[in-house]
Structure formats: C-alpha cells, structure tokens
Amino acid sequence: MSLPSLQSLVEPDRVHRSVYTDPAIFDLEMRNIWERTWVYCGHESQVPQVGDYHTLQIGRQPMVMVRQKDGSVRVLYNRCPHRGVQLCGNQRGNTGTGFVCSYHAWSFHLDGKVRAIPLKQGYEGTRLDMGHPDCSMKSAARVDSYRGFVFASLADEGPGLLEFLGDAKVAFDDMCDRSPLGEVEVVPVCHRVVQHSNWKFFMENQLDALHPSVTHQSTGVPARRVEQRVKADQGAAPLFFHYLSAFATSFDQWDSVQTVNFPRGHGILKAYMGLRPTDPDTVAYETLMKQAYGEHKAEEFLSRSIHHVLIYPYLSVQSPLQQLRCLRPLAADKTLSEIWHFRLKGAPEAIYRRSLWYFNLVNSPATMINADDLENWTKGQWGLQASMAGDWVSFHRNHGGDEERDGVLYSNKGTSEVVMRSQFKAWSEYMAPALAAAQA
Ligand SMILES: [Fe+2]
C-alpha cells in the first residue's frame, strides 16, 4: 500500500485528516513510535509481592510487568515460546514462583527463563535447545523507572528514560513531592474505557484550554450555581464542588494561563487548582509537609503551578490530584484508556479522599465531564472519516504568536493551538524516516 509523504500530511498550522483515520499510518505509528519509545507500564506498587504481575500492551505487543525474587521489576513479552499462547490471560494477579502455560505446561522462571518442558523425551534428536533464548520468554529491550513509575522500551537503542522524559519528568516529581514521604502508592483499581476515536484526540484535548468553556459548560455552570447556594446557606461548600464548577471558567480566564510545550510533544498546562484551602485537614497536611521538608521546600512543592502534564504520546498526569491516564491504542479509530489515581504516602486520609473525588467526579467515564469529552472525540472521528467533507484539521489559533526559547514553545495565550502544533512537530520527527522510506 502506498503511503502519503510527510509534507502532504502535516503543515505548520494544519494536518491532513488521514493521520487520524488511515490504518496504514496507524500501523507505522505503532512500529515507529510506540514500539520504539519509552512506554509507561505501571507503578511499582501495582506489583508489590514476588510473582505479582500486570499485563499491558506496548504498541501491538502483549507484555507483562512482573515482580522478581530480588525485588526488581521486569517487563516480558506475554507469550509462550512453544506455540505463542499468552501466559497471563488476566489483567493482573500473582503467578507464584513462575509462569506456566495453560496449553502444554511449558513453565518459566519469573525472569522469563525456561524452567521446564514436559515430556522431554519427545524432543530428543530435534533442534529444540532449552539453553537457546528462543525457548525462554523474551524481555523488553530496556526497562527503567523514575520515582516508582516503570517504563519499558522495545528498542535496544535510543535516548534513556530521563532524556526521553526531559522536563516533563516534573509530572512524577510533583506527584511524589506532595507526599511527606516522597512516594505515592497506586490505588490498584482503574477505570478502563475504550474510546472510539484515534489516540491523538485525547492527547490534543488534555491541554486544550479552549474547549472546557464549551464542552463542559453544561456541567460547570450548574455546579457553580449549586456551589454558590451551598456557600450562601452554610458559609462554605465542600471542595469537590470546585472540581466541577472550575469547568465554568471563562475563555478570558483560560487565556490567562500558559501552556509550556517541550520537545518530543510533552507539555504542561499551568494553572493553580485552588487546592490549598485553610480547613483543618489542609492545615494538618501542610504541617506534615513542613516537618518533612522544611518551610521553604514544602512551600515550593505545594505551590507548583501545574494543571496537567502530558508525556507524549500516551500519558496525561494531573499531579496535584494524583491522577494519571494512560493510552493503549488498539486501532486508528479505537483507543483503550486506563484511568488511575494514587495515594500520597504519609498524608492524612482526608487528602486522599480529594484524589478519589476527582477520580470519580471528573475522570470516571460515569461523569458528565469525561462523557462529554468522549462524545466529542467519537463525533470527531466520524467527521474525519468522511472522505468528501474536507481534508484538513485546523490548528491556526495564535499561530505565529508562539515564543520559542531553548527548544521549548511557550504559548502567548492559554487557548493557543500551539499544543497541537507541538505534538505534530514531535509526531513528524518520529514518523519522518518511516514515511520517507515508504516513498523510496
Ligand atoms: Fe474536556
């Protein structure tokens, strides 16, 4: 199948609709982005005990993250080298001291090395060699972690994890630094949602400060009315009203925030989320933080101006509320998202309840916030699949007004579409060699 040139797909201020819809382009993305770059696998606390595992997709590859006897975490291909059957059929669990294939009982140590092949005599005189790596489970080429967040790359070569993350590693610093112990622990149940849209819709949406005042107005405005009524009646409204009423923020207010767009498509939507009221729970928590880090450092950690951090092409981290959403693309028009939240180790239970509220009130697929986004992305996918309705997707807003310093693009306005332009700059860098090769 012939592929279009990069130049015909991506222009500085617009992109061709086929980057969202063409299965051949999706296939190239899997091979040249997802199966090469560092991909988030999970948090170490998802697999606390020896033998605990968690399965995931990296691009099109079925993988399993598993805790080893020596305490380390490995990421293996979830495939028996005998007939190819997946060794872990469940999303998570404990596999004991090793993996056993449910088909013919080949078994493997937790590091993937073959342990036993039943009925050995049938293999005598054949080419099968238990000492050959082909008889063992294959490992991800590289595995690394940062502050408990585990990543794997299926490519032997390329930048290291910290180089890949660059300044976007603040997502994990901000999350962990808000714990008096400097660590977070995953809440081991996530929402899993299949979005009927290309993965790029989600990534663009996360730092899109232009959309909340439209898409989420129907939730934000009534929530603000109720919040004001509760305040008038009772003097104060619980903090969780603010999570929804914040979506009634005006365009002007959103324009006053800034997006910071790093190399490789990562970025930050700044803005303070108003999470420092002076109620007894917050005061108790801030006291613990000051005891742990001292006045100056605690203030630095608690006042970071972050709304979302995006690790391109798959992660959206709302670090001040310990939320993390991760994409696993399934097809050009289908994307699995995992929605996680975390507990700040050493912080009072009341502070954890705030993360849980946000998880359930905003990021859960059962809320009006997430549901309204999902509807937009599905309708967007349908619109772009129409072959005669128009070819281009516009990212013109504030084009030419971006300020670049040391490879970082700063928006002049919060609602600038520099976010999408920056993501497609990264996309082009990942995809250029493959598209050029397809042209040759
Ligand atoms: Fe939204």
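The values are calculated or read from the model by the stated rules, or taken from the named source; none is laboratory data. These numbers come from a predicted model, not from an experiment. As a convention, Cβ positions derive from the backbone with ideal geometry for all residues, glycine included, and neighbour counts pool all protein chains shown.
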Within the range 92-143, residues surrounded by fewer than 16 Cβ atoms within 10 Å (Cβ to Cβ) and assigned to a helix (DSSP H, G or I) come out as Lys120, Gln121, Gly122, Tyr123, Pro133, Asp134
Looking at Glu35, Glu11, Glu29 in this structure, which one is at pLDDT 95 or above and buried (at least 20 other Cβ atoms within 10 Å of the Cβ)? Glu29
Scanning the range 195-207 for residues that are among the hydrophobic types (A, V, I, L, M, F, W, C) and closer than 20 Å to Leu361 by Cα, the one modelled with the highest pLDDT turns out to be Phe202
Listed residues Leu336, Leu361; which is under 21 Å from Val187 (Cβ atoms), in contact (Cβ under 8 Å) with a residue 40 or more places away in the chain and assigned to a helix (DSSP H, G or I)? Leu361
From the residues in the range 1-33 that are small (Gly, Ala, Ser) and assigned to a helix (DSSP H, G or I), which one is nearest to Asp156 (Cα to Cα)? Ala24
Specify which of the listed residues (Leu310, Leu269) is of a type in the set (A, V, I, L, M) and either modelled with pLDDT of 95 or more or in contact with a Lys or Arg (Cβ under 6 Å, 6 or more places away or on another chain) (or both). Leu310
Breaking point among (1) in a strand (DSSP E or B); (2) at positive phi, for Met63: (2)
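To keep it simple, each residue is scored yes or no on (1) within 16 Å of the ligand (Cβ to nearest atom); (2) modelled with pLDDT of 95 or more; (3) assigned to a loop (DSSP other than H, G, I, E, B).
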site: Ser145; (1), (2), (3): no, yes, no
site: Asp173; (1), (2), (3): no, yes, no
site: Cys176; (1), (2), (3): no, yes, no
site: Leu181; (1), (2), (3): no, yes, yes
site: Glu185; (1), (2), (3): no, yes, no
site: Val189; (1), (2), (3): no, no, yes
site: Ala209; (1), (2), (3): yes, no, yes
site: Arg229; (1), (2), (3): no, yes, no
site: Asp233; (1), (2), (3): no, yes, no
Examine the range 34-52 for a residue that is within 20 Å of the chain's Cα centre (by Cα), part of a loop (DSSP other than H, G, I, E, B) and farther than 22 Å from Phe172 by Cβ, and state whether such a residue exists. yes
Criterion (within 16 Å of the ligand (Cβ to nearest atom) and under 21 Å from the mean Cα position of the chain (by Cα)) met by exactly one of Leu361, Leu344, Leu336, Leu356: Leu361
Condition broken by Pro222, with the remaining ones in (1) within 22 Å of the chain's Cα centre (by Cα); (2) closer than 22 Å to Pro365 by Cβ; (3) more than 11 Å from the ligand (Cβ to nearest atom) satisfied: (1)
In the range 192-207, residues that are aromatic (Phe, Trp, Tyr) and either within 14 Å of the ligand (Cβ to nearest atom) or farther than 21 Å from Phe262 by Cα (or both) total 2
Just to be sure I understand the filter: pairs with C-beta atoms under 7 Å, separated by 6 or more residues or on different chains, first member in the range 232-251 and under 19 Å from Arg276 (Cβ atoms), second member of a type in the set (Phe, Trp, Tyr) and within 16 Å of the ligand (Cβ to nearest atom). Which pairs pass? Tyr243/Tyr358
Hits in the range 375-409 - residues which are among the hydroxyl-bearing types (Ser, Thr, Tyr) and either surrounded by 17 or more Cβ atoms within 10 Å (Cβ to Cβ) or over 22 Å from the mean Cα position of the chain (by Cα) (or both): Ser387, Ser394
